[in-house]
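The values are calculated or read from the model by the stated rules, or taken from the named source; none is laboratory data. Just so we're clear, the structure is a prediction, and the values are computed from it rather than from any experiment. Here Cβ is always computed from backbone atoms with ideal geometry, including for glycine, and neighbour counts include all displayed protein chains.
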Amino acid sequence: MSVESLASLSSDLCYDILKRLDGATLASAACSCATFCSISKEERLWEDACTSMWPSTNRDDVKNLISSIGGFKNFYADCFPLIVSKEVPEFHWNDYYDFPEEWTDAEYYGDDDEVENISPSDFVSIVDIRYNDTTICSKVLWGIPNTNSFNGWFYSCPFRIDLLAYSARDEIKLTVTDGLSPVWSMERERKDGKLWQEICDGIRLSWILVNRKAKKAANLSSWSPVGGQRHWPTDNDFLIRFGSILPAKDILPCRVVECILIMKLKLVGSGARTTIELTELSMQLGDMEGSHVNGRNSLLVLRDALGCPRSKNYGAAVESCLRYSKVQSELKEEKMRYENRLDTIWILGSIAACVTFCLYCL
C-alpha cells in the first residue's frame with residue numbers, strides 16, 4: 001500500500017490497524033507516514049503493546065506506576081531493548097592480580113554517604129516468564145526485601161532477591177499441554193537431553209527493574225538463557241542462567257559486574273503427566289572474581305544500570321554475557337596458576353632453608 005493510500009484511510013481504520021501490531025512493529029509503522037506517526041502517539045496503543053509483551057503490566061498498581069514514570073510508550077522504549085555492555089575488558093592478568101591490595105576496605109565496600117539518597121523501597125521488580133507463546137509466570141515485587149534499617153545486615157552482606165520467597169506462593173508449572181515432550185525415562189533424558197533442550201529453547205525471562213524516584217526502568221534479563229546446568233543437583237533438577245553485564249566504574253575495582261538471574265526447575269512428573277515446576281527465581285550481582293556484591297554497592301550498580309546503553313539485538317546482550325564469562329574464566333585460571341607458582345616458590349624456599357640448616361648442623 002502506497003503512502004497516498006494510507007493517507008486516504010480514516011483515522012479509526014488506521015487506529016484499528018495499529019492496535020493489532022506488537023510494539024516493535026508499531027514503532028516501525030510510526031516511521032512510515034505522518035498519519036501512522038500521529039496515531040501511534042496514543043498511549044492506549046502502547047499500553048496494549050506492553051501488556052502483550054509483559055502481562056504483569058496489566059495490573060492496576062503497575063499501570064499507575066508506569067503512568068507516573070512517563071507512560072507506556074516511554075516504558076516500552078526503555079524496557080524492550082536489552083542492556084548491552086561494551087565495557088567488558090580484555091583479559092590482562094596484570095590488571096587483576098594485585099587489585100585487592102590497591103583498594104582499601106572502605107573503598108571496596110563503599111561510602112555510606114553515597115547511598116543516602118538511594119532507598120531500596122524505590123525499586124520495583126516486574127517479572128514475566130514465557131514458554132514459547134505461553135506466559136507461565138507474572139510477578140511484581142515492590143521494594144527490595146529485608147532492608148529495614150540503613151545500618152542493617154543488608155548493606156554489608158551479599159545482595160540477593162529471591163522472588164518466589166516474597167510473592168504469592170502459587171505453583172508455577174509447565175506440562176505436556178504447554179508443549180513439553182513427555183519424559184518416559186530419566187535414563188534416556190540423561191543421554192539425549194531432549195527435555196533440557198526444549199526448555200532452553202523455549203523459556204524466556206523478563207526482569208524489569210523500575211526506580212520510582214528516578215523515573216527510570218530497564219530490563220536486566222538477557223531474555224534468552226546464557227547458560228545452565230542439567231541435573232542440578234539431582235537428575236530431576238535443572239538450573240538456567242539469565243542476566244546482563246552492568247557498569248560498576250568507580251564502584252568496584254573490576255569496573256563491570258554480572259547481574260545473575262537464576263531459574264531453578266524441577267521435574268515432578270513423568271510420562272503423560274510430565275510436569276516441570278519452578279522452584280526458584282533469584283537475582284544476585286557478581287564481580288569478576290565470582291564474589292557476590294554486597295547490598296550497598298548493589299544499590300549503586302542498579303541505580304547506574306537504569307542509564308545503560310540498550311540494543312534491540314538480543315543476541316548482542318547474550319554475547320556480552322558470554323564475553324564476560326570468558327574473561328572471568330581466564331582470570332580464575334591465571335589466578336590458580338599464579339597461586340600455584342607462589343606455592344612452588346614457598347616449597348622450594350622451605351626446602352632450601354632446611355638444606356641450609358642441615359648443612360649448618362653438620
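Points to keep in mind about this one:
- Residue tally, condition in a helix (DSSP H, G or I) and among the basic types (K, R), over the stretch 275-321: 2
- Filtered by the rule that a residue be assigned to a loop (DSSP other than H, G, I, E, B) and within 22 Å of T135 (Cα to Cα), the stretch 55-74 gives a lone residue, R59.
- Within the stretch 143-162, one or more residues are farther than 21 Å from L300 by Cβ and at pLDDT below 95.
- For the stretch 14-28, a residue qualifies if it is closer than 9 Å to S40 by Cβ and either surrounded by fewer than 16 Cβ atoms within 10 Å (Cβ to Cβ) or of a type in the set (D, E, K, R) (or both), but none of them does.
- Criterion applied to E87, E107, E114 was being part of a helix (DSSP H, G or I), over 17 Å from A214 (Cβ atoms) and either modelled with pLDDT under 80 or of a type in the set (D, E, K, R) (or both), and the one residue passing it is E107.
- The set of residues from the stretch 232-264 being polar (S, T, N, Q) and under 25 Å from I276 (Cα atoms) comprises T234, N236.
- Number of residues in the stretch 291-334 that are of a type in the set (S, T, N, Q) and closer than 30 Å to A24 by Cβ equals 4.
- Candidates A77, A7: the one that is modelled with pLDDT of 80 or more and either out of contact with any Leu (no Cβ under 6 Å at 6 or more places or on another chain) or in a helix (DSSP H, G or I) (or both) is A77.
- Count of residues meeting criterion [assigned to a helix (DSSP H, G or I) and closer than 16 Å to D16 by Cβ] in the stretch 31-41: 4
- Residue check, S56 over 23 Å from S167 (Cα atoms), hydroxyl-bearing (S, T, Y) and either outside the structural domain of K213 (by TED's automatic domain parsing) or in contact with a helix residue (DSSP H, G or I) (Cβ under 9 Å, 6 or more places away or on another chain) (or both): no
- Test: residue in the stretch 205-213 that is hydrophobic (A, V, I, L, M, F, W, C), in a helix (DSSP H, G or I) and over 20 Å from N117 (Cα atoms): no
- Filtering the stretch 39-68 to residues that are touching a Phe, Trp or Tyr at 6+ places or on another chain (Cβ under 7 Å) and closer than 17 Å to L306 by Cα leaves only I66.
- Positions within the stretch 38-69 being at pLDDT below 95 and closer than 15 Å to N211 by Cα, in sequence order: none
- Test: residue in the stretch 42-54 that is in contact with a strand residue (DSSP E or B) (Cβ under 9 Å, 6 or more places away or on another chain) and either of a type in the set (K, R) or assigned to a helix (DSSP H, G or I) (or both): yes
- Flag if A218 is in the same structural domain as D133 (by TED's automatic domain parsing), of a type in the set (A, V, I, L, M, F, W, C), touching a Pro at 6+ places or on another chain (Cβ under 7 Å) and touching a residue at least 24 places away in the same chain (Cβ under 8 Å): no
- The stretch 273-295, subset at pLDDT 90 or above and either crowded, with 21+ Cβ neighbours inside 10 Å or touching a Gly at 6+ places or on another chain (Cβ under 7 Å) (or both), residue farthest from G143 (Cα to Cα): T275
- From the list D192, D201, D162, the one residue that fits, being free of Cβ contacts under 8 Å to residues at least 24 places away in the same chain and either closer than 30 Å to A305 by Cβ or surrounded by 20 or more Cβ atoms within 10 Å (Cβ to Cβ) (or both), is D201.
- Flag: K213 does not match the condition of being closer than 18 Å to I129 by Cβ and in contact with an Asp or Glu (Cβ under 6 Å, 6 or more places away or on another chain).
- Looking across the stretch 271-293, the residues that are more than 13 Å from the chain's Cα centre (by Cα) and under 19 Å from I245 (Cβ atoms) come down to D287, M288, E289, G290, S291, H292, V293.
- Residue in the stretch 45-54 that is buried (at least 16 other Cβ atoms within 10 Å of the Cβ) and more than 15 Å from D22 (Cα to Cα) present: no
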